[in-house]
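Report on the structure given below.
The values are calculated or read from the model by the stated rules, or taken from the named source; none is laboratory data. This is a predicted model, so every value here is computed, not measured. For accessibility, only protein heavy atoms count, side chains too; no ligands or nucleic acids. Shrake-Rupley method; radii C 1.70, N 1.55, O 1.52, S 1.80 Å.
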Amino acid sequence: MAATGRNALAGCVAVLFGLMMACGSAEEAEPSVTTGRYARGDSITVSGTLIDTRCFSLDRQNVGNDHIRPEGRVKACAEACANMGFPAAVLVDGKPNGDVWVLVTVPAVLADYMAEHVRVAGMVRSEGVLIPTRVEYQDGDNWLTIM
């Protein structure tokens, strides 16, 4: 594996480990424990722009598919990050200062829909972390199911 591939894999593992540590195990919290605005286990629906957490965490302006990175403008960066396993998230209302919900799912499944307007129904795992039960993207006036 090339050095960049190892670095990407290491980064993915670090992000996933961090999410697991933040989420904890099922025995650690009672279902009624609140995590802020929502209680663990609440069913909610959020909508906004589908983003990759890697580049958005570097620069909150990276909400499209192409990103500004230290090495310059990278075309289809969000799609590449999702395919490499970096978690996808919903940026509520698509605004850089909006709420972010990290999706606990395989990011590569969502790679083709990065930067699209999506609607995600799911269960709150913790504040800002959503286990999706349904993910849809908007195509004109229609909502089409991704998963």
Counting only protein heavy atoms with a 1.4 Å probe and every protein chain in place, the carbon and sulfur fraction of the accessible surface of the range 84-147 in whole percent equals 48
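Translational diffusion coefficient of the range 75-147 at 37 °C, 0.692 mPa s, Stokes-Einstein with Kirkwood Rh over Cα pairs, in µm²/s as a whole number.
On the way: Rh = 12.5 Å.
D, rounded to a whole number, is 263 µm²/s.
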Expressed in angstrom and ordered largest first, the alpha-carbon extents of the range 55-114 along the principal axes are 29, 25, 16
